[in-house]
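Just passing along the structure, written as structure tokens.
The values are calculated or read from the model by the stated rules, or taken from the named source; none is laboratory data. Source: prediction; values computed, not measured. Heads up, the Cβs are rebuilt from the backbone with ideal geometry, glycines too, and the neighbour counts pull from every protein chain shown.
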Amino acid sequence: MNSISASIFLSLLIFGMPVSGASAVSGASAKLEASAKSQINHDVSGIIQVGLVASSNLVSFLNSGTGILRHDNNGLILQQGILQIDSDWTSAFSSKLVFNAYTDGDQHIGPSQIEIKYQPLLKSALKYKVRLGIFYPELSVENTDIGWLSPDTYQQSAINSWFGEELRIFGIEGSLFKSGRRTSTPWSWDAKLGLYKGNDPLGSVIAWRGFASHDRQSLFAERLEFAPYPSVVSVDGIDHPAWVEPFSELDSRVGAYLGLHLNYLRRTEFKYYRYDNLADPNVVNSQRLYAWRTKFHSFALNHQLNRRWQLKSQLLYGSTMMGDNFVHVDYFAGFLQSTAKLNSRNKVTFRLDVFDVAEQDDIPVDVNTSFGHALTFNYQYQFSKLWRIGTELHINKNTAFNRANLGLSPKQYERQILLIIDYRL
């Protein structure tokens with residue numbers, strides 16, 4: 001990471017970003033300016049996570065290996081560096097800007113989300129809002145912390161790890177919603193429609209590498225590496241680079257998604273999404289990156305059993321295809337997570353993951369079948385509102401048959417232990 005950029009980033013995060021008020025002027029203009037300024041508010045938040053890691057030392061996909069975890073060595077790490085600026089410009093307009101800092105991957109610092117939201121104040125029970133920019137669909141019940149992190153674990157589920165790698169909306173989302181409190185009913189709902197471009201390569205990494213488990217989000221214009229499988233990179237094969245730029249626009253088509261959120265008494269939350277990027281799988285650019293026709297259904301549930309015990313679950317199934325059936329896979333993933341607050345300071349989380357990619361194409365030399373399961377145990381102790389320490393054990397067993405083309409065993413067993421301390425602004 002560039003030392004100057006890192007210093008600026010850390011300074012903003014630790015000490016905050018001052019927001020200056022209007023200069024004092026006299027007369028009527030001062031009153032008008034003060035009135036306008038009173039509607040403007042900037043909330044700066046952030047998180048720094050540093051710690052120690054002990055891993056099974058399989059080379060990570062981030063370093064062109066076949067490991068499905070982020071870290072492939074032991075020692076001191078920067079797990080996360082996030083700066084988020086939420087701004088209210090008027091009673092209806094707001095914005096969100098998220099910067100991420102890492103020491104691994106292709107890029108080390110940059111934005112991951114830029115969003116403008118319009119939500120007017122309405123007296124009617126039925127309301128609407130519009131988001132415009134570069135953002136995540138709100139399909140996760142796991143990644144609910146600032147910067148699209150999980151508040152419960154350091155490594156995320158296979159589903160949301162993939163979304164953090166390859167999924168971002170470069171477009172617009174409209175929502176119609178109704179609160180149960182306004183209508184004296186226990187049910188609230190929110191219906192969404194999104195239109196976007198710039199997500200054509202979505203599906204590349206799970207087709208060739210398979211699902212992974214980590215918390216690193218791809219930055220804008222970043223390359224995502226994977227192992228150089230001969231059937232992929234050879235000029236006699238697919239002739240594709242051993243990387244993908246996930247936020248590329250290749251075919252000028254507009255993709256779409258539909259979402260429905262249902263909430264019951266603020267205790268139970270259900271989310272359904274249907275996503276289809278409507279890409280033309282025969283389009284390829286000068287870098288030999290293909291558009292992938294990727295579509296999926298996502299079902300997510302968050303249920304608060306009582307004040308201390310929470311259950312979360314998500315199921316995903318879909319398909320992705322590139323070329324004239326060159327690569328075509330069906331995929332499935334799911335997780336079940338239980339979080340218990342032992343008291344005001346101690347919290348434990350357990351998560352079970354399963355994931356599967358099944359080959360459906362016409363090129364048997366390029367093997368795409370992979371599958372696995374994982375267990376994650378996390379404990380966190382909250383020192384104060386600003387400081388927290390936690391430890392996490394992650395174990396997975398996974399199989400990808402294309403590893404044999406690299407002279408490796410298709411089966412891998414991975415283990416990782418994290419000790420993390422984080423500071424929150």
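Only one of (1) of a type outside the set (V, I, T); (2) modelled with pLDDT under 95; (3) in contact with a Phe, Trp or Tyr (Cβ under 7 Å, 6 or more places away or on another chain) fails for Y264. Which number is that?
(2)
Still on this structure, please answer the following. What's the total number of residues in region 172-213 that are closer than 30 Å to K123 by Cβ and surrounded by 20 or more Cβ atoms within 10 Å (Cβ to Cβ)? Walk me through how you get there before you give the answer.
First pass over region 172-213, keeping only residues closer than 30 Å to K123 by Cβ: 172-195.
Imposing the further condition that a residue be surrounded by 20 or more Cβ atoms within 10 Å (Cβ to Cβ) reduces the set to 173, 192, 194.
Summing the residues that are closer than 30 Å to K123 by Cβ and surrounded by 20 or more Cβ atoms within 10 Å (Cβ to Cβ) in region 172-213 gives 3.
Another one. Taking region 356-397, which residues are among the hydroxyl-bearing types (S, T, Y) and within 17 Å of I417 (Cα to Cα)?
Listed by number, the residues that qualify are T376, Y379, Y381, T391.
Next question. Which numbered condition in (1) among the acidic types (D, E); (2) modelled with pLDDT of 95 or more; (3) buried (at least 19 other Cβ atoms within 10 Å of the Cβ) is the only one that D330 fails?
(3)
Look at L132 and say whether it is in a strand (DSSP E or B) and surrounded by fewer than 21 Cβ atoms within 10 Å (Cβ to Cβ).
Yes; evaluated as a whole, the condition is true for this residue.
Would you be able to tell me the number of residues in region 234-243 that are out of contact with any strand residue (DSSP E or B) (no Cβ under 8 Å at 6 or more places or on another chain), at pLDDT below 95 and not small (G, A, S)?
Within region 234-243, residues that are out of contact with any strand residue (DSSP E or B) (no Cβ under 8 Å at 6 or more places or on another chain), at pLDDT below 95 and not small (G, A, S) number 3.
Let me ask something else about it. When residues of region 149-188 are filtered for being basic (K, R) and assigned to a helix (DSSP H, G or I), how many remain?
2
Separate question: Considering region 156-206 alone, what residues qualify as being within 30 Å of D361 (Cα to Cα) and over 18 Å from the mean Cα position of the chain (by Cα)?
L195
Next question, about the same structure. Just to verify a result, which residue in region 214-248, among those that are in contact with an Asp or Glu (Cβ under 6 Å, 6 or more places away or on another chain) and among the charged types (D, E, K, R), is surrounded by the most Cβ atoms within 10 Å (Cβ to Cβ)?
Per the criteria, the residue is E222.
Residue check, T320 against (1) in a loop (DSSP other than H, G, I, E, B); (2) farther than 29 Å from T349 by Cα, all met but one. Which one?
Only one criterion in (1) in a loop (DSSP other than H, G, I, E, B); (2) farther than 29 Å from T349 by Cα is unmet by T320, namely (1).
What residue, among those in region 348-367 that are farther than 25 Å from T320 by Cα and either acidic (D, E) or surrounded by fewer than 18 Cβ atoms within 10 Å (Cβ to Cβ) (or both), is farthest from the chain's Cα centre (by Cα)? Full working, then the answer.
Residues of region 348-367 farther than 25 Å from T320 by Cα: 348-351.
Imposing the further condition that a residue be either acidic (D, E) or surrounded by fewer than 18 Cβ atoms within 10 Å (Cβ to Cβ) (or both) reduces the set to 348, 350.
On the way: V348: 22, F350: 20 Å.
Going through the qualifying residues, I end up with V348.
Now a separate question. Restricting to region 181-223, give me the number of residues that are touching a Ser or Thr at 6+ places or on another chain (Cβ under 9 Å), of a type in the set (A, V, I, L, M) and farther than 30 Å from V130 by Cα.
Of the residues in that region, 3 qualify.
Would you check if F299 is aromatic (F, W, Y) and assigned to a loop (DSSP other than H, G, I, E, B)?
No.
Follow-up. Within region 258-276, track down each residue that is aromatic (F, W, Y) and more than 20 Å from A207 (Cβ to Cβ).
The answer is Y264, F270, Y272, Y273.
Pick out the one residue from A207, A227, A191 that is in a loop (DSSP other than H, G, I, E, B) and either of a type in the set (G, A, S) or closer than 29 Å to V354 by Cα (or both).
None of the other options fit; the residue is A227.
Taking the options R288, R345, R308, R267, name whichever one is within 30 Å of H240 (Cα to Cα), over 18 Å from the mean Cα position of the chain (by Cα), surrounded by fewer than 20 Cβ atoms within 10 Å (Cβ to Cβ) and among the basic types (K, R).
On the way: R345 fails: within 30 Å of H240 (Cα to Cα); R308 fails: within 30 Å of H240 (Cα to Cα); R267 fails: within 30 Å of H240 (Cα to Cα).
None of the other options fit; the residue is R288.
Another question, then. Return a yes/no flag: does region 150-158 have any residue that is surrounded by fewer than 20 Cβ atoms within 10 Å (Cβ to Cβ) and either at pLDDT below 95 or within 19 Å of K312 (Cβ to Cβ) (or both).
yes
A further question follows. Scan region 244-263 and report the pairs whose first residue is under 14 Å from Y275 (Cβ atoms) and in contact (Cβ under 8 Å) with a residue 12 or more places away in the chain and whose second residue is among the β-branched types (V, I, T) and not in a loop (DSSP other than H, G, I, E, B), with Cβ atoms within less than 9 Å and a gap of 6+ or a chain change.
Correct list of pairs: G255/I169; G255/T294; Y257/I169.
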